[in-house]
Each structure stands twice: as C-alpha cells, then as structure tokens.
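Notes follow the structure.
The values are calculated or read from the model by the stated rules, or taken from the named source; none is laboratory data. As the structure is a computational prediction, the values presented were derived from the model and not from experiment. Please note: Cβ atoms are built from the backbone with ideal geometry, for glycine as well, and neighbour counts cover all protein chains shown. The area values use the complete protein model at the heavy-atom level, side chains included, leaving out ligands, DNA and RNA. Shrake-Rupley method; radii C 1.70, N 1.55, O 1.52, S 1.80 Å.
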Amino acid sequence: MAGIGTGTAPDAGALAWRGGFGRLWSAAAVSRFGDALRGTALPLLAYALTDSPLLISLVTACGFLPWLLFGLLGGAAADRVDPRRAMWGVDVLRGLLMAGFAVAVALGQASIGLLIALAFALTTLQTLFDNAATVLLPSVVPTTALATANARLMTGQEVLGRFVGGPVAPLLLALGAAVPFLADAATYLVAAVLVASLRITAPPGPPAAPGRTVRHEIGDGIRALRRDRVLRACCAAVALGNVGVGALIGTLVVVVKGWLGAGDTGYVLVTTGYGIGMVLGGLLAGRVVAALGGPVRTLLGAGLS
C-alpha cells in the first residue's frame, strides 16, 4: 500500500486515491446514490398507495429513526468488528432486501406496512455501514491525509446522493414502479464487491478494558454529554431543529404533489433545492459564524429564522 507505513508524507491530495481509497470512496458514494434513489422513490410510492399524510410521513420518519435509536450502537459495533467485512456484508444484505422489495412492487404486492418496515431496516443497516467506513478510512490513507480523505468521502456521498440520485429517481419511475428499487439493489451489490476487493486490514483499536461492554461505552458517552453543559445545549438545539425539519420532509411529498399539484418533477426540484441549501450552508458556515460574532449567536439566529 503506497505511502502507508513508509515514514514518508507524500502530498495528501495525490495519495488520497491510492491504497484502496478510490474503491472505498466509490463504494460509499455508490451506496449513498442507492440510498438517495430509495429516499426519493419511497415517498412517491407511498403517496401512490395511500392518501394518509400520517402513513406517508411514517415511511420517511422510519428512514431517519434508526439513527436516533442505533447510531451510537452502530458506532460501537463498528469499533469491535472487521469494518471491511461489516461493510460488504451489510450491502449484500441491503441489496437482497431491495431486490426482494422490487419484485414485490413489480407484482403489485407492496403495502405501506412493507414500505415502513423496509425503510427502518435499511437505515438500521446504514448506521453500521457508515460507521464502519469511518473506521476503515485510516487503513487506506496515511494519517497526514485523513482530513482530506474524509472531506472527499463525505462530499462525494453528498453530491451523488442529493444531486444525482434524487433527480434520477423519477426518471427511473417513468420506466416502471420497480425500476428505482432494482437500481438501488444493484448499487448495493456493486458497493459490496468494491469493498470486498480491498486487501487491507483495519488498524487495531485500543484494547477494551476487562468487563467493558458496548452498553458501558455508550453509557460513558451519554454521561459525558450530560456533564458538558455547552455540548448538551448544542445537542438539544440540533435535535429540536431536526424534529422540525423532519416533520417538514416527512410531509413534503403530500404538500408538493397533493396541495401544490407539482407532480414528481416538482417534488424532486424541492428536495434538490434542500440539498443545495445544505451544501451552501456548509460552505458558508465559517463566514456566517464570523459575521454574527460566534457560534452561539449563529445557532440562535438559525433557530429563530
């Protein structure tokens, strides 16, 4: 693996794509592309199956809920297993689930209950995949390139997910209700092959203390959060903000298609605009914080707006 363990510090930008990073980046980006196809197509399919805003919003909510329930558990589990095997195993399972779901859609057997269960199961698996990708990253790039590599990994996922996967979904839906889900299944299987082809071993983490369990480690993290007043307030503010945004996203397809009559294209344009806002916010965050006089004022301003 070029540049790793040699004691040299070559240019981080040039090295970031060597030693398997290109395949890891491609696997993560392709998986996120599949997530975006599903994230756009599922609400549209739910809207076609029912006119209940509550049931439609539950489909979207169950695509986010596992991060709240299992996000910490996924991180702790990723530290205790082989991340490469975890990633390709998760994507094989996700690919099989999506392929089975696509068959159900093609046969007209899809139901709201099945959509809710599928969204919850796939996002639960995603918590392990994304955490394992973070753990695996130091195995494919040197320490000097970690910041650059991590930024490229997240940027690639965001761009392919929000600006490619979302807009492509209605085009695939025009070919058939099951097509986006078949494509999603294919992306997961391709990502699994890419990760499985990596011939690397994740660096061993610090040994766990005797008697330490995942529950103990999660408990320590929660207690540390409770003791830190500033961090606790920030987490609470972000959580409350996400509740509001989640409520909007959960009913967005009803508002755009039902109330505004904008159709699938209008829905995709709105969700893409949401993604553009997120990217611009991230790019301008430093300048906004400086202009408003600090992060606390920025959080207050963003919340009030």
* **Rounded percent of accessible protein surface that carbon and sulfur make up, region 19-200, 1.4 Å probe** => 71 percent
* Listed residues LEU44, LEU248 arranged by accessible area, highest first, probe 1.4 Å -> LEU248, LEU44
* **Solvent accessible area, Å² - TYR267, 1.4 Å probe, full protein context** => 10 Å²
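Using 0.36 nm per residue, how much length does the chain from VAL288 to ILE200 gain when fully extended, once their Cα-Cα distance is taken away?
Values: separation 88, 0.36 × 88 = 31.68 nm, distance 4.10 nm.
Working it through step by step, the gained length comes to 27.6 nm.
Multiply the residue gap between THR134 and LEU300 by 0.36 nm, knock off their C-alpha separation, and tell me the result in nm, one decimal place. The partial results should precede the final answer.
Values: separation 166, 0.36 × 166 = 59.76 nm, distance 3.06 nm.
Result for the pair: 56.7 nm of gain on full extension.
Go ahead and run the numbers for FRET between ARG223 and LEU96, Cβ-Cβ distance against an R0 of 41 Å, rounding to 0.05. Don't skip to the end; give the middle numbers.
Details: r = 39 Å, r/R0 = 0.94.
With a Förster radius of 41 Å, E is 0.60.
Given a 1.4 Å probe and heavy atoms of the protein chains only, how would you sort VAL81, VAL141, largest accessible area at the top?
Numbers: VAL81 70, VAL141 5 Å².
These residues rank, largest area first, as VAL81, VAL141.
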* Structure fact -> To the nearest Å², the heavy-atom accessible area per residue of region 225-304 with 1.4 Å probe amounts to 69 Å²
* Structure fact -> With every protein chain kept in place and a 1.4 Å probe, region 37-97 has an accessible area per residue in Å² of 47 Å²
* At what distance in nm do the modelled label points of LEU248 and LEU69 sit from each other, each positioned 7 Å from its Cα along Cα→Cβ? -> 2.6 nm
* Modelled FRET efficiency - R0 35 Å, ALA233 with THR155, Cβ distances, 0.05 increments -> 0.75
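Using a 1.4 angstrom probe on heavy atoms only, work out the carbon and sulfur share of the accessible area of region 225-304 in %. Before the final figure, lay out each step's value.
Working: 3930 of 5490 Å².
Exposed carbon and sulfur together represent 71 percent of the surface.
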* So how strong a dipole does region 19-200 carry about its Cα centre when Lys and Arg Cβ are +1 and Asp and Glu Cβ are -1, to the nearest 20 debye? -> 400 debye
